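A short write-up of the structure that comes next.
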Amino acid sequence: MFKLNSTQEGLLAVSIVFPVLAVIAVSLRFGARKVRSTLQVDDWVILLAAVLCIGLGINAIAGVAENAYGRSRKELGPVKAVTLLKVNFADTFLTFAAQTAVKVSVLLFYKRIFITRKFSLCCNLAVFAVIAWGLAMCLTMLFNRNPISANWDPAASPSTTKILISRFLMSHAVLDLFLDIVILLFPLPVIRRLKMSTNRKIGVMGILWLGFFCVVASAVRIYYVYQFLNFDNKSRAASFGPVIANITIWSTIEPACSVIAACLPTFGPLSQKGRSPESLVASIRSALSLRSSSNSLATEKRGKVSQEKDSREDEEARAGWAKHNGAGSTTIESGAHSDVVPKRGEIIMEKSFSSE
């Protein structure tokens, strides 16, 4: 048995608390969705993200239990160093997958509430780009060394396919931050054109920007990756374990907070009084519906005017015919006619009228 240091205690607390909060948020989201409607694709994708957050927590707890996280390289020794690299390798994949799942869920949520054809197409393209980005990151990490075991085992003799992991993680962290900002700003053009007051537009943006803390968490993670990247050999030997632990802490916080933020706008049906976030989401749908139906209403109005005009003309024609009927006479003749010879079994009807 060993005594935990402060870094290990912090990592252990984060690995338990934040995944649990993410699971609670998703559970409340599912409960709220079932109150008024059925579950959608974005709900299931955010559930996947929560499961991946649980995996991140379990992996970090395993690293602490093995006394691998939070120790200097000298304290680790060769065996514990391999253990640290193994859990960190798994942590990287889980982080990539969780971040991708959250981004996809948010984009699908946007697509569901902003019901315009052009925006839906943009969301589909963004979802494809995010999935491709996440898959590319995972494959690059998996095959950056040959054999794969060389990622944690120095005796595996890696080939020339080796890449600098620290620089790769830095580029991924920067791209992740960039994508978070883009996704937060993604619905702004649609919100700007909504037919609602400025205050309500600000309220909608405020709800959708609850994930801003995720940007902060991503920026902090970049700081620790940058710190690790710029260590000299002496500093790296002393702070290797603690810095890796800090990177792991913020790699756990970021996707968990993203899951929580993605769930908050759906909690409206759970509120018993006051304006709920869901009411603003409903306002978006109604505003978009009003805007999209304005042209069709104008067309329908023009059609009704045309029909009324035709009806008036028909009524005038029938009135004139009735007037002529009152002053006319009808004669039915059978047999011969002065101009026309009827066929067998036919009669000739002659109708005449005079108008004054």
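The values are calculated or read from the model by the stated rules, or taken from the named source; none is laboratory data. Quick caveat: nothing in here was measured; it's all calculated off a predicted structure. Every residue, glycine among them, receives a Cβ derived from its backbone with ideal geometry; neighbour counts consider all protein chains shown.
Per-structure values
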quantity	calculated
Residue 85 vs. criteria modelled with pLDDT of 85 or more and either farther than 23 Å from residue 10 by Cβ or surrounded by 22 or more Cβ atoms within 10 Å (Cβ to Cβ) (or both)	no
Single condition residue 144 does not satisfy, out of (1) closer than 22 Å to residue 226 by Cβ; (2) in contact with a Ser or Thr (Cβ under 8 Å, 6 or more places away or on another chain); (3) in a helix (DSSP H, G or I); (4) not β-branched (Val, Ile, Thr)	(3)
Single match in 106, 17 (criterion: part of a helix (DSSP H, G or I), out of contact with any helix residue (DSSP H, G or I) (no Cβ under 7 Å at 6 or more places or on another chain) and either surrounded by fewer than 22 Cβ atoms within 10 Å (Cβ to Cβ) or in contact (Cβ under 8 Å) with a residue 24 or more places away in the chain (or both))	17
Search result, residues across the range 1-14 that are part of a helix (DSSP H, G or I) and aliphatic (A, V, I, L, M)	11, 12, 13, 14
Selection count where residues are in contact (Cβ under 8 Å) with a residue 40 or more places away in the chain and either within 15 Å of residue 172 (Cβ to Cβ) or assigned to a helix (DSSP H, G or I) (or both), scope the range 112-122	4
Qualifying position, being part of a helix (DSSP H, G or I), within 19 Å of the chain's Cα centre (by Cα) and exposed (fewer than 15 other Cβ atoms within 10 Å of the Cβ), among 215, 204, 182	182
Residue 74, sole failed condition from (1) more than 16 Å from the chain's Cα centre (by Cα); (2) of a type in the set (Lys, Arg); (3) surrounded by 16 or more Cβ atoms within 10 Å (Cβ to Cβ); (4) in a helix (DSSP H, G or I)	(3)
Test set (1) within 17 Å of residue 17 (Cα to Cα); (2) free of Cβ contacts under 8 Å to residues at least 40 places away in the same chain - residue 57 fails condition number	(2)
Only listed residue being in contact (Cβ under 8 Å) with a residue 40 or more places away in the chain and either touching a helix residue (DSSP H, G or I) at 6+ places or on another chain (Cβ under 8 Å) or surrounded by fewer than 18 Cβ atoms within 10 Å (Cβ to Cβ) (or both), chosen from 129, 68, 136	68
Pairs, first among the hydroxyl-bearing types (Ser, Thr, Tyr) in the range 139-150, second part of a helix (DSSP H, G or I), C-beta under 7 Å, six or more apart	140/168; 149/156
Residue, surrounded by the most Cβ atoms within 10 Å (Cβ to Cβ), within the range 219-237, restricted to residues that are more than 18 Å from residue 85 (Cβ to Cβ) and at pLDDT below 80	235
